[in-house]
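Engineer: Dropping the structure in here first, questions after.
The values are calculated or read from the model by the stated rules, or taken from the named source; none is laboratory data. Source: prediction; values computed, not measured. Here Cβ is always computed from backbone atoms with ideal geometry, including for glycine, and neighbour counts include all displayed protein chains.
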Amino acid sequence: MRISDELVINELSQEVYDVAVDHGFHNPGGSGLDGDAIFLLALHGELSSYWEKLRKGVAVSPLNPNIIEIAKQKAILTNRLITLKPPIREGGELVDVGRMARFIVNLIGEASELWEATSENKLDQLCDKEHCDLSCEEEELADLAIRLMDLATARRVNLGRAIRIKSEYNKTRPFMHGKKA
Ligand SMILES: [Mg+2]
């Protein structure tokens, strides 16, 4: 990747963010759903760490059936921790953890919609939006990219630079990064 590619990614990200602002997705004050988002992310976290163990070939017993209770406890701990010691970004800016949780749970939601289209054999079907000439697969992949770019811009992260550097780093990693999937 070249530096000019970084700029293209960042310009697109800014445009995506501006559209989200115009449509009310960056209202100050939150939605009242932060606690739910934090709980759902704790639940996703448990599922993801199970998958990560499978990817690494670490023998795992079946998924813990108490996963909902474990996630509830982790969400309580997270809420307690951020109340006692709220994260502060370099430069003194307070990180809005609830807002971050909403961003991430929305991102996961788009990935789930992609899976739903796959599981219902609808990847190549036209998406259900009027005047939108995209297949379900194209639409959900675009949604994922748009959510990601919006988050990066909202957090003032240089996404183009990060992708370039991480992509270069990935070239140096072993086959399948040493994992099974
Ligand atoms: Mg979608």
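Engineer: Of the conditions (1) assigned to a helix (DSSP H, G or I); (2) away from the ligand (no atom under 16 Å from the Cβ), residue 151 fails just one. Which one is it?
Structural biologist: The one condition residue 151 does not meet is (2).
Engineer: Same structure again: Give 114, 47, 54, 12 a once-over and let me know the one that is within 21 Å of residue 148 (Cβ to Cβ) and touching a residue at least 40 places away in the same chain (Cβ under 8 Å).
Structural biologist: After ruling out the rest, the residue left standing is 12.
Engineer: Going by what's in this entry, would residue 89 be described as more than 15 Å from the ligand (Cβ to nearest atom) and either hydroxyl-bearing (Ser, Thr, Tyr) or surrounded by fewer than 17 Cβ atoms within 10 Å (Cβ to Cβ) (or both)?
Structural biologist: yes
Engineer: Residues that are within 16 Å of the ligand (Cβ to nearest atom), closer than 22 Å to residue 11 by Cα and surrounded by 11 or more Cβ atoms within 10 Å (Cβ to Cβ): does the stretch 163-172 have at least one?
Structural biologist: Among the residues of the stretch 163-172, not one is within 16 Å of the ligand (Cβ to nearest atom), closer than 22 Å to residue 11 by Cα and surrounded by 11 or more Cβ atoms within 10 Å (Cβ to Cβ), which makes the answer no.
Engineer: Determine which member of the set 156, 99 is under 26 Å from residue 36 (Cα atoms), at pLDDT below 95 and surrounded by 12 or more Cβ atoms within 10 Å (Cβ to Cβ).
Structural biologist: Of 156, 99, the one residue that is under 26 Å from residue 36 (Cα atoms), at pLDDT below 95 and surrounded by 12 or more Cβ atoms within 10 Å (Cβ to Cβ) is 99.
Engineer: Determine whether the stretch 62-78 contains at least one residue that is loosely packed, with under 12 Cβ neighbours inside 10 Å and touching a Phe, Trp or Tyr at 6+ places or on another chain (Cβ under 6 Å).
Structural biologist: So far as the stretch 62-78 goes, yes, one or more of its residues are loosely packed, with under 12 Cβ neighbours inside 10 Å and touching a Phe, Trp or Tyr at 6+ places or on another chain (Cβ under 6 Å).
Engineer: OK, next. Based on this model, can you work out whether residue 45 counts as assigned to a helix (DSSP H, G or I), away from the ligand (no atom under 16 Å from the Cβ) and either at pLDDT 90 or above or under 27 Å from residue 143 (Cβ atoms) (or both)?
Structural biologist: yes
Engineer: Condition (residue is within 11 Å of the ligand (Cβ to nearest atom), among the charged types (D, E, K, R) and under 23 Å from residue 25 (Cα atoms)) applied to the stretch 97-115: is it met by at least one residue?
Structural biologist: yes
Engineer: Which residues, counting only those in the stretch 57-97, are hydrophobic (A, V, I, L, M, F, W, C), without any contact (Cβ under 8 Å) to a residue 24 or more places away in the chain and more than 20 Å from residue 111 (Cβ to Cβ)?
Structural biologist: Answer for the stretch 57-97, where residues must be hydrophobic (A, V, I, L, M, F, W, C), without any contact (Cβ under 8 Å) to a residue 24 or more places away in the chain and more than 20 Å from residue 111 (Cβ to Cβ): 58, 59, 60, 76, 77, 81, 82, 84, 88, 94, 95.
Engineer: Right, here's the next one. When the residues of the stretch 117-147 are filtered to those that are of a type in the set (Asp, Glu) and either within 9 Å of the ligand (Cβ to nearest atom) or outside any helix (DSSP H, G or I) (or both), which remaining residue is farthest from residue 20 (Cα to Cα)?
Structural biologist: In this case the residue turns out to be 120.
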